[in-house]
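Values quoted throughout were computed directly from the atomic coordinates according to the rules given, and no laboratory measurement underlies them. Since this is a predicted model, take the numbers as computed values, not measurements. When we count neighbours, we look across all protein chains shown, and the Cβ atoms used for this are built from the backbone with ideal geometry, even at glycine.
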Amino acid sequence: MAVTEDVIIQAGSGYDISCGVVYLKVPELHAQDVADWDKRRAWIDEVELRVATGLGSQRPKRMPSVTESKIEEILRYGAKAIGVLADVCERQYIEVDEQSLDCERIARARDKACPQLGSVGGGNHFVEMQVDEQDGSVWVMNHCGSRGYGWQTANHFFYEGAELRGLPKNRREESWLRADEPLGREYWAHHNSAANYAVANRHIIVSGVQEALENVFQATGRVFYEISHNLVQEETLVLPDGTTKRGFVHRKGATRAFPAGHPDLVGTQWETTGHPCLVPGSMRDGAAILYPLEGAYESGCSVNHGSGRVMARGKAKRELAEKHDDIDNEMRHIRRNLGGVEIEGIVGNTKRTPLDECGHVYKDLDEVLNVLETEGIAKVAHRMYPVANIKGTD
Amino acid sequence: MAFLHEVQKVSQAHYVLPKIGGMRTEVHAFLSDALFAQTDEALWRQAAQAASYPGMIGMYMQPDCHVTESRSAAWL
């Protein structure tokens, strides 16, 4: 995570601009309601009827269609364009400078916006049902980003930024832009439109998840919070002497963590508590909700965005191949006591556990979270474990 | 220039790479001893490179940090 003045570093947001997570809480459900394997399987099937888990070009039959004019509104107003309230969003939307936004100039990005809206994508993206180990409450987490719109946008400006800075193409990811130069203003507008798209994408997926919950469990999911972890944001910086100034905060693989009293939380629901930080771990070991503490100022008002990878994808597929049966069995038969209820197995939507995403390729989430508590940066409020996982596939 | 051996432990789970070479700011890293032991020169070199960008005034690594698979290794 990096903080700059007057400069925007594109790698600080990367290709999947505003990748992030959203949590639904399902107050009517308890661990015992989701213990049954077949019910969790049925829920996965219902979600996949409504949420694209691939490229999005094959839209599931019950996925709502989106008009081009709605896309234009979403690119400018994010979650607000689809009626989501600001209090459940890190940023309901980020303002886009109309003078600098020209979607038609990056046709490859614009062409993907409509077909892929409401899709999870691949890699480590997912929809996951989880249970709180303490009280057995049921939650659903969605992890995804700006899809092809964001990727193509980022790629376009890496090339243009490299040309401006005199960098060779194979070093284009090192480019950077001054906020006040024309290309910088253009990138900022497009970057923010991608961020708006990602936020709306997560909330549209949520609506499909909510329908599936109602169909299978006759329960209503409520959005708890949504947050990005691949984003450059212009924020108020609180300096060690207590004064403030504005700067660009680049959280590439980091999550914003404003504690209680942060100037940018004034007037929001989170003013006196700090906002929640949503941290996914792995498909085996679950996730957590944290609340920032005063020590967050020492870490640039940021926490981690996950567990952190210990094994690259290619290496995982090679080296774990001979253990694939064991890994599948582990996911099928792992037993956990969650809220006093023993739940066996984690139901998945793929025939076999994706080796490059299994629990063995990530650091221990609790070890990572313990660092934050040790330094007074954040406290763990909820520790969740997965019971059903829908992996995005491309 | 090597970076790993320049890293200093400042508290139980807080390490700092001081500003050296072309770095414009020091790098703060929040790591347990065990997580720090898993870091390597490549990670700290990548951090130092990132800390050298124009306009940089603060750099913080979280406990889930790892060297990216990006070809240019421009960022963490």
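Out of A:Gly253, A:Met1, A:Gly359, whose Cα points farthest toward the positive end of the dipole of chain A (charges: +1 Lys, Arg; -1 Asp, Glu; placed on Cβ)? Positive-end residue among those listed: A:Gly359. Remark: the A:Glu342-A:Val266 segment gains 23.2 nm on full extension, using 0.36 nm per residue and subtracting the alpha carbon distance. Along the Cα-to-C-beta direction of A:Lys39, a point sits 7 Å from the Cα; which residues of segment A:329-349 have their amide N less than 20 Å from that point? Residues A:332-349 qualify, since their backbone N sits under 20 Å from the label point.
The protein assembly as shown: percent of C-alpha pairs farther apart than 34 Å? The calculated P(r) of the protein assembly as shown puts 30 percent of pairs beyond 34 Å.
Assign one of three labels to segment A:233-304, namely rounded, prolate or oblate, based on the Cα gyration tensor with a ≥ b ≥ c the square roots of its eigenvalues; rounded applies when a/c is under 1.5, prolate when it is not and a/b is larger than b/c, and oblate otherwise. Prolate is the answer for segment A:233-304, as a/c is 1.5 or above and a/b outweighs b/c. About the centre of its Cα atoms, the protein assembly as shown shows a dipole size close to 1060 debye [charges on the beta carbon of Lys, Arg (+1) and Asp, Glu (-1) only; nearest 20 debye]. Judged by the gyration tensor of its Cα atoms, with axes a ≥ b ≥ c, segment A:273-315 is oblate; a/c meets the 1.5 cut and b/c is at least as large as a/b. Across peptide A:366-372, the average count of Cβ atoms from other chains found within 10 Å of a residue's Cβ is 5. The GluC sites (Glu not before Pro) of segment A:19-109 that meet both conditions, a loop assignment by DSSP and at most 15 other Cβ atoms within 10 Å of the site Cβ, are A:Glu95, A:Glu98.
Were the residues from A:Asp326 through A:Glu104 laid out at 0.36 nm apart, the gain over their Cα-Cα distance would be 75.0 nm. Where only DSSP H runs of four or more residues are counted, chain A gives -9500 deg cm²/dmol as its mean residue ellipticity at 222 nm, each run worth -39500 (n - 2.57). Rank A:Gly145, A:Leu177, A:Tyr225 by how far each Cα sits towards the positive end of the charge dipole of segment A:142-230 (+1 on Lys, Arg Cβ; -1 on Asp, Glu Cβ) and give me just the farthest. After comparing all options, I get A:Leu177. Within chain B, antiparallel bridges make up roughly 70 percent of the DSSP beta bridges whose residues both belong there. Three principal axis extents describe the C-alpha atoms of segment A:253-345; from largest down they are 53, 36, 18 Å. Take each residue of peptide B:45-58, count the partner chain Cβ atoms within 10 Å of its Cβ, and average: the result is 5. Note on chain A: GNM, Cα springs under 10 Å; of A:Val361, A:Val21, A:Val131, the largest mean-square fluctuation is that of A:Val361. Taking a ≥ b ≥ c as the square roots of the eigenvalues of the Cα gyration tensor of segment A:286-394, is the shape rounded (a/c under 1.5), prolate (a/b larger than b/c) or oblate? In terms of gyration-tensor shape, oblate.
Our note on the geometry: Cα centres of segment A:289-321 and segment B:1-65, 16 Å apart. Have a look at A:Asp16, A:Asp241, A:Asp45 and tell me which one the Gaussian network model of chain A (Cα, springs below 10 Å) gives the largest fluctuation. Most flexible of the set in this elastic network: A:Asp241. Residue exposure proxy: A:Val96, A:Val310, B:Val7, ordered by other Cβ atoms within 10 angstrom of their Cβ from fewest to most, comes out as A:Val310, B:Val7, A:Val96.
With both residues required to sit in chain A, DSSP beta bridges show an antiparallel share near 95%.
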